[in-house]
1. For the range 9-93, what does the relative contact order come out to in percent, with C-alpha contacts under 8 Å and a separation of six or more?
2. Over all pairs of distinct alpha carbons, what does the Kirkwood formula give as the hydrodynamic radius of the range 80-209, in Å?
3. For the chain, what is the Kirkwood estimate of the hydrodynamic radius, computed as the reciprocal of the mean inverse distance between distinct Cα atoms, to one decimal in Å?
4. Normalised by the empirical 2.2 N^0.38 Å for globular proteins, what value does the Cα Rg of the range 44-106 take?
5. Relative contact order, percent, of the range 96-276 when contacts are C-alpha pairs under 8 Å separated by at least 6 residues?
6. What is the range 9-93 by shape, rounded, prolate or oblate, if you read a ≥ b ≥ c off the alpha carbon gyration tensor as root eigenvalues and call it rounded for a/c under 1.5, prolate for a/b larger than b/c, and oblate otherwise?
7. Find out how many positive minus negative residues lie around Ser170, taking Lys and Arg as positive, Asp and Glu as negative, among other residues whose Cβ is under 14 Å from that of Ser170.
8. When the helix-only estimate is applied to the chain (DSSP H runs of n ≥ 4, each -39,500 (n - 2.57), divided by the residue count), what is the mean residue ellipticity at 222 nm, nearest 500 deg cm²/dmol?
Amino acid sequence: MTELLNFFRDKKVLILGFGLEGKSTLKLIQDLPCEIAAADKNPDVLAGLPYLLYEGERYLDSLHDGSVDIIMKSPGISFKGLDIPDYIRHKVTSQTDLLLRFRQNKIVGITGTKGKSTVSSLIHHILKHCGKDTALIGNIGVPPLENNYPPETILVCEMSCHQLEYVQSSPDIAVFLNLYEEHLDHYDSYADYRAAKENIYLYQKPGDMLFYNDELVSLKLLSSKGGKTAFNYAGIIKRPPVKTHLPGKHNQYNIAVAVAVCTHLGCDESKAVEAVGSFTGLPHRLEHAGFINGVEYVNDSISTIPAAVISAHEAFPDTDTLIIGGMDRGINYDELIAFLPKCGIINVIALPESGHKIAEDLLTSPLKIYCARDMEDAVSRAVRVTRRRCILSPAAASYNVYKNFEERGNHFKEMLKCYSKT
């Protein structure tokens with residue numbers, strides 16, 4: 001902790017983004033002998049702070065304050081399209097970077113386009129079940145430096161691409177689950193998105209370990225210095241299924257990876273497998289949302305890419321209604337458009353913006369297509385046409401209407417409650 005705090009001492013620190021992580025950073029450094037500035041697009045969150053403030057539409061002008069020594073960037077802030085010189089980028093760091101550089105704890109870092117929250121939570125659950133001292137932090141909702149942990153605590157840290165983008169160290173144990181086209185609103189290219197993810201193993205040292213999907217193998221991966229264990233979906237699916245509340249073949253893969261990580265950390269394998277049975281999963285991830293007139297409704301609001309929709313259908317193959325669509329981020333939907341007419345789905349209810357575009361490409365298919373105005377309209381239509389099961393699996397981000405996928409999923413469930421009472 002002393003080494004971490006000395007990193008800030010006598011420096012001018014810019015807190016770039018004053019949300020959950022920005023507030024946590026201020027809590028960490030406010031009593032240190034350092035100069036503090038804060039920047040956020042929303043002036044309301046900065047109101048009353050006794051520091052140099054950059055706010056409103058031009059808040060990123062703060063990057064060009066030549067007196068700043070350290071830029072503590074919050075994960076959600078994008079530099080896409082900005083011409084930022086290297087001498088400024090070299091000042092950028094984050095809580096995830098400093099966690100990896102300065103904490104003495106054993107750190108398990110988990111990333112991937114799909115499944116990282118589930119696998120992070122499952123690893124944490126298994127470790128606790130096996131008597132290990134562990135904490136769950138990171139993208140799951142607890143800023144990496146929010147709390148100080150005893151050195152024996154194993155830190156299980158979910159790491160998004162945004163958190164990994166500026167790291168200069170990698171975790172002792174890295175988990176790289178999968179990679180699909182995503183977050184193109186944040187990155188200039190898919191290659192940039194992949195490069196951010198690959199930082200999870202890029203700086204590993206001898207004695208570290210990487211668990212990875214063998215579809216992600218590359219010269220960069222093979223050249224990293226840690227040990228390596230490969231997994232693939234096909235091999236996992238052939239194994240006997242573990243007793244679990246997590247539906248779908250993709251979750252059999254997630255479980256196998258989590259058990260392998262925990263076994264590497266000293267857990268008895270049979271006890272680790274036993275722990276999987278008491279893990280109930282996370283909200284908004286193929287979450288049972290109730291029955292209306294004998295029809296099941298499933299909330300998969302976490303779904304932001306086409307592959308997630310395909311996995312949802314594989315988990316519930318007798319689904320007859322799908323609600324899709326959200327913020328249009330330029331993702332390629334060709335795979336999903338080809339899949340839907342062949343998979344047994346009958347009704348596709350499309351939300352703006354991306355759902356309406358997908359609907360246009362499906363108009364000549366045998367599917368029954370409904371373009372909904374909003375979630376209320378979508379649920380109303382679903383209740384009228386669904387006979388077996390309806391899944392909300394948007395294959396898109398939520399930011400065109402909602403603050404996040406949780407708010408979208410909760411709105412879906414609230415709409416269902418209106419019909420379950422009638």
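Read-outs throughout are calculated quantities, based only on the coordinates presented, and are distinct from any laboratory measurement. The structure displayed is predicted, hence computed values, not measured ones. Cβ coordinates were reconstructed from backbone atoms using ideal geometry, including for glycine residues, and neighbour counts include every protein chain displayed.
1. Once normalised by length, the contact order is 34 percent.
2. The answer is 15.2 Å.
3. One decimal place: 22.8 Å for the Kirkwood radius.
4. The value comes to 1.30.
5. 25
6. oblate
7. +3
8. -10000 deg cm²/dmol
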